[in-house]
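Only one structure is covered here, and it is reproduced in the block below.
No value in this document is a laboratory result; all are computed from the given coordinates. Just so we're clear, the structure is a prediction, and the values are computed from it rather than from any experiment. We place every Cβ from the backbone using ideal geometry, glycine too, and count neighbours over all the protein chains shown.
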Amino acid sequence: MPSSSAKPVLKVLLCSPRGFCAGVVRAIESVERALAIYGAPVYVRHEIVHNRYVVDSLRAKGAIFVEELSEVPNDHVPVIFSAHGVARAIPEEARRRNLFTIDATCPLVTKVHREAEIHNRRGREIVLIGHAGHPEVVGTMGQLPTGSITLVETLEDVEKFTPRDANMLAYVTQTTLSVDDTAAMVDLLKQRFPHISGPHKEDICYATTNRQDAVKRVAPVVDAMIVVGAPNSSNSQRLKEVAEKSGCPRAVLMQRVGDIKWSDFDGVARLGITAGASAPEILVEEIMGAFADRYILDIETVTATEEGVFFPLPRPLRDHEAAE
């Protein structure tokens, strides 16, 4: 490691906004508040958010993460549904078993669920733009009977899609997609099916849009970009893709400081850093600390917009607070 006098200068452009969004804050606080009220253990169906550091931290406090409700005992301990949302069959199963549930689904995901239900009631076939197998997509498709929703992932999927009735068609989208890629798919849907109905306000969430906008500003003027986030985090993966498409020669997704491969940053004089919506700021600070050991950092924050969004906790937790 070079001495401070020998350290080269590294220009660091920090993207803002980055890291936690309001839905992630709400989900994490739901688990922490439930542990404080009811004590450990608290069960969480699926990772509360897609970040290993967050999940491990909550596990250490007494959260037990499960993939299916069958793993939860019938002893009235709280069961929390993750921020990604769940299929309708999950809360129905919980009611049959008389489980005590707390729904930490992001309100913006719930908005997509409600839109799909309304379109279905009006007799429309629904196209869902999203990624197969992602928990949010599984949850959205699971709101309605099988066959009500067709998933499309690419422009080719849109080209091949044949509706039952082109005049009775609607679309919704996953909330964590690439803004530009999704816009291209929506444009093609509208070209092919001019009468298709869409959301009154786009489904891609404000946090996804804002983080991608910040990356678009930074990516063309840096030699490399670090996206702090998990490989199973859709919004983090999209940030990496957006950086590459916006002209960044090298974009790297990493979870923690131990993932740094210093050879990836040989010759880099300008470095961009951002973080997915489920990545805590402490992980950004860890990584910047490692770079500060090797470089003299010249840090500049590039701000796309200011965020002030807040979501209240789920009702059972709010009701308990009101009763205290």
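Here are the numbers for this structure:
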{"item": "Principal axes of region 22-106: Cα extent on each, largest first, Å", "result": "32, 24, 19"}
{"item": "Distance (nanometres) between label positions extended 7 Å along Cα→Cβ at TRP262 and ALA36", "result": "4.2 nm"}
{"item": "Alpha-carbon spread of the chain, three principal axes, descending order, Å", "result": "68, 54, 31"}
{"item": "Long-range HN-HN contacts of VAL152 with modeled amide H, under 5 Å", "result": "LEU128, ILE129, GLY130"}
{"item": "Other-chain or far-sequence residues with amide H under 5 Å of ALA251's (modelled H)", "result": "MET225"}
{"item": "Spatial extent of region 45-94: Rg and Dmax, with the Cα atoms as the point set, Å", "result": "11.2, 31"}
{"item": "Cut-off 11 Å between beta-carbons: net charge of the residues surrounding ASP264, Lys and Arg +1, Asp and Glu -1", "result": "-1"}
{"item": "Per residue Cα convex hull volume in Å³ - calculated over region 108-192", "result": "87 Å³"}
{"item": "Extension gain (nm, one decimal) between ARG318 and ALA292, 0.36 nm per residue minus Cα-Cα", "result": "5.1 nm"}
{"item": "Set of aspartates and glutamates with alpha-carbon distance to LYS245 below 14 Å, sequence-local pairs under 8 removed", "result": "ASP180, ASP181, ASP213, ASP223"}
{"item": "Dipole magnitude (debye, nearest 20) for region 95-146, charges at Cβ of Lys, Arg, Asp, Glu", "result": "260 debye"}
{"item": "Region 72-172 - charge dipole about Cα centre, Lys and Arg +1 at Cβ, Asp and Glu -1, debye rounded to 20", "result": "420 debye"}
{"item": "Spin-label proximity, PHE310 to region 17-39 - amide N less than 16 Å from point 7 Å beyond Cα toward beta carbon", "result": "21-27, 29-30"}
{"item": "Distance histogram for region 60-202 (every C-alpha pair counted, 5 angstrom bins, percent rounded to whole numbers)", "result": "2, 9, 19, 20, 18, 12, 8, 7, 4, 2, 0"}
{"item": "Spin-label proximity, ARG96 to region 134-160 - amide N less than 20 Å from point 7 Å beyond Cα toward beta carbon", "result": "139-147"}
{"item": "Charge dipole magnitude, Cβ of K and R +1, D and E -1 - the chain, Cα centre, debye nearest 20", "result": "320 debye"}
{"item": "Cβ-derived FRET efficiency at R0 25 Å, GLU244 paired with GLU156, nearest 0.05", "result": "0.75"}
{"item": "Over 27 Å between alpha carbons, listed pairs LYS11/LYS216; LYS61/LYS201; LYS61/LYS240; LYS111/LYS190; LYS61/LYS216; LYS201/LYS240", "result": "LYS61/LYS201; LYS61/LYS240; LYS61/LYS216"}
{"item": "Per-peptide average of other Cβ atoms within 10 Å, ordering 92-103, 51-62 highest first", "result": "51-62, 92-103"}
{"item": "In Hz, Karplus ³J(HN,Hα) per residue of region 179-185 (6.51, -1.76, 1.60; θ = phi - 60°; x = Gly, Pro)", "result": "4, 5, 4, 5, 4, 5, 6"}
{"item": "Euclidean distance between Cα centres, region 244-260 to region 89-132, Å", "result": "34 Å"}
{"item": "Over the chain: helical MRE at 222 nm, DSSP H runs n ≥ 4 each giving -39500 (n - 2.57), nearest 500", "result": "-12000 deg cm²/dmol"}
{"item": "Integer Hz, Karplus 6.51/-1.76/1.60 couplings in order for region 135-140, x for Gly and Pro", "result": "x, 5, 5, 4, x, 5"}
{"item": "Karplus-derived HN-Hα couplings along region 82-93 (A = 6.51, B = -1.76, C = 1.60, θ = phi - 60°), whole Hz, x at Gly and Pro", "result": "5, 4, 7, x, 9, 5, 4, 5, 5, x, 5, 5"}
{"item": "For VAL12, residues with placed amide H under 5 Å, excluding near neighbours", "result": "LEU271, ASP298, ILE299, GLU300"}
